[in-house]
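Below you'll find the structure, written out as C-alpha cells, and then a few comments.
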Amino acid sequence: MKAEYVDHMGDDLRVVNAARVSFDKESLWEDDTEFTLFERDVKLIKYLCRHGHWTPFSHPMITVRETVPIFVARQRFKHMVGFTYNEVSRRYVDDEPEFFMPDHWRRRPDGSVKQGSSDEVAFDMNYSFFTNAESAQCYQHIIEDAKGLYLEMVGRGVAPEQARMVLPQSMYTSYYVTGSLAAWARAYKQRIDSHAQVEIQDLAKQWDEVVRPLFPVSWEALTA
C-alpha cells in the first residue's frame, strides 16, 4: 500500500490568516526563508484547535494518490466530508491486476466485539484452510485462479466491466484523493486509532508522513 504526495495548496500561514480575517487582520512569516510563524500565530492555531474552530483548517488542500486493496479503499471512501475521489475504473482498464498479500492471518477479537481483530496470529500465510488441499498456499492459488480467469475472459472478448466481477477484494485499486487539512486530520485521528483495521492504520501512518512536513504547526495541533 502507498500514499504518494501529488500537490497541495496553502500552509500554516493560510490557516492563521483565514482566522485573522474575522478582524480584517493579516499575519506574515516571522522568517520567510524558513517559513516559521510568529509565536502569537502558533498560539492562535493551538487555540483554534482547542476550541473546535475547524473552518480555518478547511482552506488548505492536499492531493494524494493512494494505491490500496479494495477492502481498504471501501473503508477509506467512507470519509466523504471535505474529500473528493477519482478512482481507476475497471470498466475501462483491463491490465493484469495485482493483489495484497498479508503477512499472516489475525484472530477475531474475543468476547462481544463484533468487528476488528486481535493481535494474536491465527495462521501464517502457508496455512491451508482446506483439509484436502494439495498445497498449503491456498490463498495464493485462489488469487492466481481469479487473475487467470479474469485475463482469460478479457482475452476472449468479455467486457471488462463484467469480467471484473471475478476479482477479489484483495485486488489493488488506485485513486486521487483531495481534501482539506481539516478533513485529513479528522480521517487520520479515526484511522490511526487502535480500534481501526490494521491495514488502514498503516495507510494513516503514510498520511502523517505526507501532511506533517507541509503543515507542521497545524498538523501537530490537530492530531495531538
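Every number in this text was worked out from the coordinates using simple rules, so none of it is lab data. Only a predicted model underlies this, so the values are computations on that prediction, with no experimental measurement involved. All Cβ positions, glycine included, derive from the backbone under ideal geometry; neighbour counts span all protein chains shown.
Compared with the direct C-alpha span, the chain from Thr36 to Lys189 gains 52.6 nm at full extension, assuming 0.36 nm per residue. Summing Lys and Arg as +1 and Asp and Glu as -1 over all other residues whose Cβ lies under 13 Å from the Cβ of Trp105 gives a net charge of -2. Computed from Cα atoms alone, the Kirkwood hydrodynamic radius reported for segment 6-116 is 18.5 Å.
Using Cα pairs under 8 angstrom and six or more residues apart, how large is the relative contact order of segment 11-116, in percent? Present the calculation step by step, with values, prior to reporting the outcome.
On the way: 47 pairs, mean separation 21.4, N = 106.
Relative contact order of segment 11-116: 20 percent.
If you take all other residues with their beta carbon under 12 Å from the beta carbon of Arg90, and give Lys and Arg +1 and Asp and Glu -1, the sum is -3. Rounded to the nearest 20 debye, the dipole magnitude of the chain is 980 debye, with +1 charges on Lys and Arg beta carbons, -1 on Asp and Glu beta carbons, and the Cα centre as origin. Note on the chain: GNM, Cα springs under 10 Å; of Val210, Val81, Val68, the largest mean-square fluctuation is that of Val81.
Normalised radius of gyration for the chain, please: alpha carbon Rg relative to 2.2 N^0.38 Å, two decimal places. Don't jump to the answer; show the numbers that get you there.
Numbers: Rg = 22.2 Å, N = 224, 2.2 N^0.38 = 17.2 Å.
The chain yields a ratio of 1.29.
For segment 175-224, averaging the sequence separation of C-alpha pairs within contact (under 8 Å, six or more residues apart) and dividing by the residue count gives a relative contact order of 34 percent. Within a straight-line Cα-Cα reach of under 18 Å, Lys43 can be paired with the following lysines, leaving aside sequence neighbours fewer than 8 residues apart in one chain: Lys25.
Working out 0.36 nm times the residue gap between Arg65 and Lys78, then minus their Cα-Cα distance, what length gain in nm do you get to one decimal?
3.0 nm
With contacts taken as Cα pairs under 8 Å and at least 6 residues apart, the chain reaches a relative contact order of 30 percent.
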